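Q: This structure is in structure tokens; I'll ask about it shortly.
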Amino acid sequence: MIRTGEEAVAWIHTRRKFGSRPGLDRIEALLKMLGNPEDDVKSIHIAGTNGKGSTVMYLRCMLEELDLTVGTFTSPYIETFYERIAVNGQPIPEADFVELVNVFMPLIEKLDADEHLQGITEFEILTGMAFYYFKDRVDIAIIEAGIGGLMDSTNVVHPMLAAITTVGLDHVDILGDTLEKIAQQKSGIIKKHIPIVAGDIPENALAVIRNQAVQTKAPFYSENKDFLVDYIGFDKNRNERFNFRNHQFYLKDLRIPLKGRHQTENAGVALELFSLHCQHESIRVNENHIREGLKKVRWPARMETVSESPLIIMDGAHNPHAMRRLTDNMVHGFADTHIHVLFSAITTKNIDEMLNMLQQVPNIKITITTFDFPSSLNVEDYAGLDNIDGITIVDDWHKGLNNIKSEMISDDVLFITGSLYFISQVRDEMKKVH
């Protein structure tokens, strides 16, 4: 019997040894033992290389403006493990999570006793927990896919809507080494007759998704064709501004607190989903619901300002696709600023490519470091870069952070970026200090 949240999370983490194991057999068996709660939860399914989490949050906040109770299943976590399963933005209470673990433990033992089904992973268990917890508790759940889509455990869901936010090269060992192969995996979430929304996706990958939509007779809505996001820029409070137009309405000067042009594109995907949801449920769209919902969005470690003096921004640019978005934001939003970067990542990512992108940014100084995580970057592997002007290697991120802050002058900016696991650790320590 598990009695505390600490024990419950520790038990979940024992499943990490099984890593990522694509396939639906284990999660389907688990959900069957639970009475298939996923069939009783109205849901929206979101996949994509990047932008999934913030799209979930934009959509959640707008749906809440309709007085709906909204469940969200997201990963990874930044502030607390419990945030991965949340209702109206509130992480699952510790007591509820302990209760869930006690329900699930004997079921997992049964699965492990079956040679075909043994070794269910942490993510698969959490997926099952989310559906079980949301049943009879929420009006609608927004489910974020983990890796890919076709063989991701969340793909057991039977949604009313689905979306693919972006397609970029990530998890190539699992999903394939081309955009077309990755798009094929992500388009696996498309179900027969279920509307699918596609974000700003390269044409070669978009063609794969569009073809899957045709094959499944799924209504298809894509950015720049069925809906348009017209980027305006910052306001005086550093909110991003944009216009949005689709088949239903044209909204001018929308504002979001999350920074970066790509965030307006994520908001556009969420707006299209919100529009389709209102159509499906015969709800008259109220412009105030949209504006108020978007203003309330908070999503840690996504272009998040954690300090104004000195200016420190955290962004979990954990793969080349996300790093390209970040460096674009650096170049266009901080063109006349000296930029400092504290960077670390995990070895399963293309670290060399991400560092190369950072080096192309003008007026930049990069500190490469490591952190406490099983597959974190090994600084010894990058020792040779220490001879390159503008790059420093530090084996302790605390030291690296303090060194950068001591060098900064009033107009400088520090970006802390790379792995979301790294960002989470730094953010937690910084919050303790403040």
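Q: Filter segment 115-132 down to the residues that are open to solvent by 10 Å² or more (accessible area, probe 1.4 Å) and in contact with a helix residue (DSSP H, G or I) (Cβ under 8 Å, 6 or more places away or on another chain), then identify the one that is farthest from residue 18 (Cα to Cα). Before you say what the answer is, go through the steps one by one.
A: Quick first cut of segment 115-132, residues open to solvent by 10 Å² or more (accessible area, probe 1.4 Å) only: 115-118, 122-123, 132.
Cutting the leftovers down to in contact with a helix residue (DSSP H, G or I) (Cβ under 8 Å, 6 or more places away or on another chain) gives us 116-118, 122-123, 132.
Values: 116: 14, 117: 12, 118: 10, 122: 8, 123: 10, 132: 22 Å.
Ranking the candidates gives 132 first.
Q: So which residues in segment 300-329 are farther than 19 Å from residue 355 by Cα, under 18 Å from the mean Cα position of the chain (by Cα) and surrounded by fewer than 20 Cβ atoms within 10 Å (Cβ to Cβ), if there are any at all?
A: Listed by number, the residues that qualify are 300, 305.
Q: Suppose we filter segment 264-314 for residues that are more than 24 Å from residue 223 (Cα to Cα) and among the charged types (D, E, K, R); how many remain? Steps first, please.
A: At the first step, the residues of segment 264-314 found to be more than 24 Å from residue 223 (Cα to Cα) are 300-301, 304-314.
Subsequent filtering for residues that are among the charged types (D, E, K, R) retains 304, 308.
Count: 2.
Q: Considering only segment 163-204, state which residues are touching a residue at least 12 places away in the same chain (Cβ under 8 Å) and basic (Lys, Arg).
A: If the condition is that a residue be touching a residue at least 12 places away in the same chain (Cβ under 8 Å) and basic (Lys, Arg), then 186, 191, 192 are the ones that fit.
Q: Still on this structure, I have one more. Please find, within segment 275-299, the residue that is nearest to residue 69 (Cα to Cα) out of those that are open to solvent by 100 Å² or more (accessible area, probe 1.4 Å) and either among the basic types (Lys, Arg) or in contact with a strand residue (DSSP E or B) (Cβ under 6 Å, 6 or more places away or on another chain) (or both).
A: Among those that are open to solvent by 100 Å² or more (accessible area, probe 1.4 Å) and either among the basic types (Lys, Arg) or in contact with a strand residue (DSSP E or B) (Cβ under 6 Å, 6 or more places away or on another chain) (or both), it is 296.
Q: Still on this structure: Could you please find all residues in segment 238-256 being part of a strand (DSSP E or B) and modelled with pLDDT of 95 or more? Talk me through it step by step, then tell me what you get.
A: Here is the first cut: in segment 238-256, the residues part of a strand (DSSP E or B) are 240-245, 250-256.
241, 242, 243, 244, 245, 250, 251, 252, 253, 254, 255, 256, listed by residue number.
Q: Continuing with the same structure: Can you find even one residue in segment 197-206 that is in contact with a Lys or Arg (Cβ under 6 Å, 6 or more places away or on another chain) and on the phi < 0 side of the Ramachandran plot?
A: Within segment 197-206, not a single residue is in contact with a Lys or Arg (Cβ under 6 Å, 6 or more places away or on another chain) and on the phi < 0 side of the Ramachandran plot.
Q: Further question on the same structure: In segment 73-187, which helices (runs of 4 or more DSSP H) lie fully inside it and hold 2 or more residues that are within 30 Å of residue 282 (Cα to Cα)? I'd like the intermediate steps shown before the answer.
A: Working: elements: 94-112, 122-134, 172-175, 179-186.
The helices (runs of 4 or more DSSP H) meeting that bar are 122-134.
Q: Now for a different question. Filter segment 190-200 down to the residues that are surrounded by 14 or more Cβ atoms within 10 Å (Cβ to Cβ) and at pLDDT 95 or above and list them by number. Before the answer, list the steps.
A: Narrowing segment 190-200 to residues surrounded by 14 or more Cβ atoms within 10 Å (Cβ to Cβ): 190-191, 194-200.
Residues satisfying the conditions are 190, 191, 194, 195, 196, 197, 198, 199.
Q: All but one of (1) at positive phi; (2) surrounded by fewer than 18 Cβ atoms within 10 Å (Cβ to Cβ); (3) touching a strand residue (DSSP E or B) at 6+ places or on another chain (Cβ under 8 Å) hold for residue 36; which doesn't?
A: Here residue 36 clears every test but (3).
Yes/no per residue for (1) in contact with a Lys or Arg (Cβ under 7 Å, 6 or more places away or on another chain); (2) of a type in the set (D, E, K, R):
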| residue | (1), (2) |
| --- | --- |
| 58 | no, no |
| 63 | no, no |
| 70 | yes, no |
| 75 | yes, no |
| 78 | yes, no |
| 81 | no, no |
| 90 | no, no |
| 94 | no, yes |
| 102 | no, no |
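Q: Moving on. Output the residues belonging to segment 371-411 that are open to solvent by less than 80 Å² (accessible area, probe 1.4 Å) and polar (S, T, N, Q).
A: Listed by number, the residues that qualify are 375, 376, 378, 392, 403.
Q: Moving on. Answer with yes or no whether residue 48 is open to solvent by 10 Å² or more (accessible area, probe 1.4 Å) and not acidic (Asp, Glu). Explain how you work it out, then say what you get.
A: Values: open to solvent by 10 Å² or more (accessible area, probe 1.4 Å): no; not acidic (Asp, Glu): yes.
No; evaluated as a whole, the condition is false for this residue.
The values are calculated or read from the model by the stated rules, or taken from the named source; none is laboratory data. These numbers were taken from a predicted model, which means no experiment stands behind them. Ideal geometry is used to build each Cβ from the backbone, glycine not excepted, and the neighbour counts take in all protein chains shown. Quick note on the areas: whole protein, heavy atoms, side chains included, nothing else; ligands and nucleic acids left out. Shrake-Rupley method; radii C 1.70, N 1.55, O 1.52, S 1.80 Å.
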